[in-house]
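Structure record follows, encoded as structure tokens.
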2 protein chains.
Amino acid sequence: MSLDPVLSRIDSDLDGALARLTEFLRIQSISTDPAYKEETEKAADWLVADLQSMGIDASKRPTPGHPMVVGHVPGDGPHILFYGHYDVQPVDPLNLWKTEPFDPQIEETEAGKVIRGRGASDDKGQLMTFVEACRAWTAENGSLPCRITFFFEGEEESGSPSLVPFLKEHAEELKADIALICDTSMVSPGVPSIASQLRGMLKDEFTVHGPRIDLHSGHYGGPGLNPLREIAKIVDSFYDHETGAVAVEGFYEGVHEVPDELLRQWEGCGFDEKTYLNSVGYSQPHGEKKYSTLVQQWARPTLEVNGLWGGYQGAGSKTVIPAEAHCKITCRLVGDMDPDALRDKIRKHVEDRLSPDAKVTWNQDLEGSPASVMNIARPEFEKARQALSDEWEREAVFTGMGGSIPIAGFFKEILGLDAMLIGFANDDDAIHSPNEKYDLKSFHKGMRSWARVLDALSKD
Amino acid sequence: MSLDPVLSRIDSDLDGALARLTEFLRIQSISTDPAYKEETEKAADWLVADLQSMGIDASKRPTPGHPMVVGHVPGDGPHILFYGHYDVQPVDPLNLWKTEPFDPQIEETEAGKVIRGRGASDDKGQLMTFVEACRAWTAENGSLPCRITFFFEGEEESGSPSLVPFLKEHAEELKADIALICDTSMVSPGVPSIASQLRGMLKDEFTVHGPRIDLHSGHYGGPGLNPLREIAKIVDSFYDHETGAVAVEGFYEGVHEVPDELLRQWEGCGFDEKTYLNSVGYSQPHGEKKYSTLVQQWARPTLEVNGLWGGYQGAGSKTVIPAEAHCKITCRLVGDMDPDALRDKIRKHVEDRLSPDAKVTWNQDLEGSPASVMNIARPEFEKARQALSDEWEREAVFTGMGGSIPIAGFFKEILGLDAMLIGFANDDDAIHSPNEKYDLKSFHKGMRSWARVLDALSKD
């Protein structure tokens, strides 16, 4: 099988691909809103029909929510599981849209042509880059170079309630050698990126108890222990102000330094620190001082306070010493950090610092998940990186991600699969916002990228 | 004029005094509830009639809310302004009352006889101790030994909205040599007390601003400045954990050590530290380590956090780095602490500790008032103390109070009057709660105390 004719066909059929994407984007598959249930179903049907038109054994699979779409292409090469989602975010506030969200338009912008509409980037445009690459391969060569399982979800924008049960129930059917996920951005425009490490998460919540009841600060102010002071002391003690590090004993166990080679890739990946910080009102990074902003975000763990409260929050003043104060935290985990062991360390840190007469209770319902660190030593990773570099005429980079992408964790946990997260979105695509768009360059070179990746993966 | 016949008349007319108090307590003068407007007015009328029955020139004075009652008794002695309030707290939860709240009953208890009912202690029973003393004086001697202005309010339990305007408008009419206020407790049962220093108050509120908008802790956790951490750091920095003192520079300017003689009085005043602490769940005091619990409460300033909040407070977890965090504080002031100067010091303390990229804004609507420290060197104070000691056969003490009693501040500020706060309530009177009561011993010896105080004040 030959790659070049496939790339040529992608180039010559770009208008056809855009027409198909436009048709797909017209379907109002807002999964979170029950009013759009039929439209969401229609998007699943559209995908099934499109896959079937390429000769793929595709079907809609019912769930208690919106259906999954699964398609199988047999083959001799490596077995790939490709994931995307056909549902989209709601469109409000509608008045901020320059065009109709479900009437996609091609627009000329300063940065080149874009297709504008809800789902253009997240995730219909992105998933179609892969589908179109497969279409071109099949049309040109009569078959695909790998064995492929297509797996599309319709609930990604509404919390994926059916995902884990479906994966567990159909684990045998969905198992493959490696997963490809097309739902991420490039680290900067034109820099092809494979996200190969995602931070994990530990959630916890505690309440500091002081007096038996709320007290009057005239009567007890002075001798009274105030849980708000106490919780401020504890939160502050989590951090070493000198270094910016977390001061919980043993917090960094399981954290590894970023290998020099990866660090060099990151340094040259075009990440614009200034824009990243300034856009939200920061003039400088505020994490661990000895690490760069990007390393702080991708490869260092955090202990973050997401909620802190107690006492009176209304207008004016109330002279209360409250009985309780509350704190919600999440930690972002990297490397081999063990969420359960870390939870114990944090709880001990808090308990060791309580004043006499203060007590602490913990929410027992919050869970943790370790970091997802893909094994980039697997040959598929380097093959894909080379394929992307060829297409974009620029070294592709293995990036980290500060957040978690749950699907990658579920693939690892339930199906035992490493995932390559390859996406062509740009940070200015306005996903989840009015005026979502997808660059035609992303769409076009995305299709060509996947053709190259399939070609590379199929070869020894 | 002779005291002993007055005391004898008080003793012999105790049943009459109790009958009058019972009649007064039957009036449902709940000032905060519009449904009881007529009843509240009726209580004012009852007081006017009772004063007039003693030959006092008394009248009801309209306000935008409930009326004031003002009565004048001319005379040659020192001019006294006596204050009390005829309104009472609501009675709910009604099901917790053992008797009808407005059907007062005399009850035998382990600690002696009590009269039980709403307002028995706060403040109808207390104010009647003074009125009955005056009745006995007048009956026995034909006139009172001092010039007296009676001043009764009907909105004390509903925020006193008409008080300051009325005082300002009638300042000339209400001016006197000294004020007597009967709305406080004895420091412990049987220990006559004159509250001679009340802490002042400074209120402030600030918001710490971090990023321009709420951020995702995956995307910005690490490099992102979190206002919740920042506000915890600032709150914690208010305190010196070693000493328990407030660590704001200059905070203690204007604070004076308690004079040795007063300290000796306090040490012997019967304050039960263990009960005071244990009743709310404390095993030890938590303020400045070098001061006793009582001194911490009465004579030392505080900086207390009454509200602290930011980020997510709902169920479960939200991975947010919030844009803002909020803190409400109140300081209790003593001695000559200047609220305005202190506000500046606290604000500087906060601003000096902000991280780069953090900003702070302040609520500009919150006010402060200095401590009320009565000039106990005035001869009236020692005269009253001696009179109380004679009646209770135990040294009366000048006490402090941890809270503020606004009326004392207004008398000082608007009328230029020092006030002697003398009350005979006990801490177990359940004021503001179901089953309010007043000890008959308090009622009886309270009347006798006032007779002695009037006698003492009238003499050079």
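The values are calculated or read from the model by the stated rules, or taken from the named source; none is laboratory data. No experiment lies behind these values; they were computed from the predicted model shown. Here Cβ is always computed from backbone atoms with ideal geometry, including for glycine, and neighbour counts include all displayed protein chains.
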- Note on the structure: Note on region B:192-215: residues part of a loop (DSSP other than H, G, I, E, B) and surrounded by fewer than 20 Cβ atoms within 10 Å (Cβ to Cβ) are B:212, B:213, B:214
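Which strands (runs of 3 or more DSSP E) does region A:31-147 wholly contain that include 1 or more residues that are touching a strand residue (DSSP E or B) at 6+ places or on another chain (Cβ under 7 Å) and more than 23 Å from residue A:189 (Cβ to Cβ)?
Details: elements: A:57-61, A:68-73, A:79-85, A:105-109, A:112-116.
Once the strands (runs of 3 or more DSSP E) in region A:31-147 are filtered for at least 1 residues that are touching a strand residue (DSSP E or B) at 6+ places or on another chain (Cβ under 7 Å) and more than 23 Å from residue A:189 (Cβ to Cβ), what remains is A:57-61, A:68-73, A:79-85.
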- Evaluation of residue B:218 against (1) more than 18 Å from residue B:342 (Cβ to Cβ); (2) facing another protein chain (nearest Cβ under 8 Å); (3) buried (at least 24 other Cβ atoms within 10 Å of the Cβ); (4) not basic (Lys, Arg) (one fails), failing number: (3)
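Residues are listed down the side, and each one gets a yes or a no for (1) over 29 Å from residue A:94 (Cα atoms); (2) part of a helix (DSSP H, G or I); (3) aromatic (Phe, Trp, Tyr):
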residue: A:385; (1), (2), (3): yes, yes, no
residue: A:391; (1), (2), (3): yes, yes, no
residue: A:399; (1), (2), (3): yes, no, no
residue: A:407; (1), (2), (3): yes, yes, no
residue: A:410; (1), (2), (3): yes, yes, yes
residue: A:417; (1), (2), (3): yes, no, no
residue: A:442; (1), (2), (3): no, yes, no
residue: A:447; (1), (2), (3): yes, yes, no
residue: A:450; (1), (2), (3): yes, yes, yes
- Among the numbered criteria (1) closer than 23 Å to residue A:346 by Cβ; (2) at pLDDT 95 or above, which single criterion is violated by residue A:383? (1)
- Query: Out of (1) at pLDDT below 95; (2) of a type outside the set (Ser, Thr, Tyr); (3) part of a loop (DSSP other than H, G, I, E, B), what's the single condition that is false for residue A:300?
  - Reply: (1)
- Count of residues meeting criterion [part of a strand (DSSP E or B), surrounded by 23 or more Cβ atoms within 10 Å (Cβ to Cβ) and either within 34 Å of the chain's Cα centre (by Cα) or assigned by TED's automatic domain parsing to the domain that holds residue A:405 (or both)] in region A:308-363: 11
- Message: Checking the condition surrounded by fewer than 23 Cβ atoms within 10 Å (Cβ to Cβ) and closer than 30 Å to residue A:8 by Cα, which residue from A:121, A:162, A:143, A:158 passes?
- Response: A:143
- Note on the structure: Among residues of region A:278-293 being in contact with a Phe, Trp or Tyr (Cβ under 9 Å, 6 or more places away or on another chain) and modelled with pLDDT of 95 or more, the residue farthest from the other protein chains (Cβ to nearest Cβ) is A:292
- Item | Given (1) more than 11 Å from the chain's Cα centre (by Cα); (2) of a type in the set (Gly, Ala, Ser); (3) assigned to a helix (DSSP H, G or I), number of the condition residue B:430 does not satisfy | (3)
- Scan region A:191-209 and give yes if some residue there is within 11 Å of chain B (Cβ to nearest Cβ) and either at positive phi or free of Cβ contacts under 8 Å to residues at least 12 places away in the same chain (or both), otherwise no. no
- Item | Any pair with Cβ under 6 angstrom, 6 or more apart, that starts in region B:68-81 at a residue that is assigned by TED's automatic domain parsing to the domain that holds residue B:45 and more than 20 Å from residue B:455 (Cα to Cα) and ends at one that is surrounded by fewer than 22 Cβ atoms within 10 Å (Cβ to Cβ) and basic (Lys, Arg) | B:68/B:61; B:69/B:60; B:70/B:61
- Select from region A:201-230 the residues that are acidic (Asp, Glu) and over 16 Å from residue B:402 (Cβ atoms) and list them in ascending order. A:204, A:205, A:230
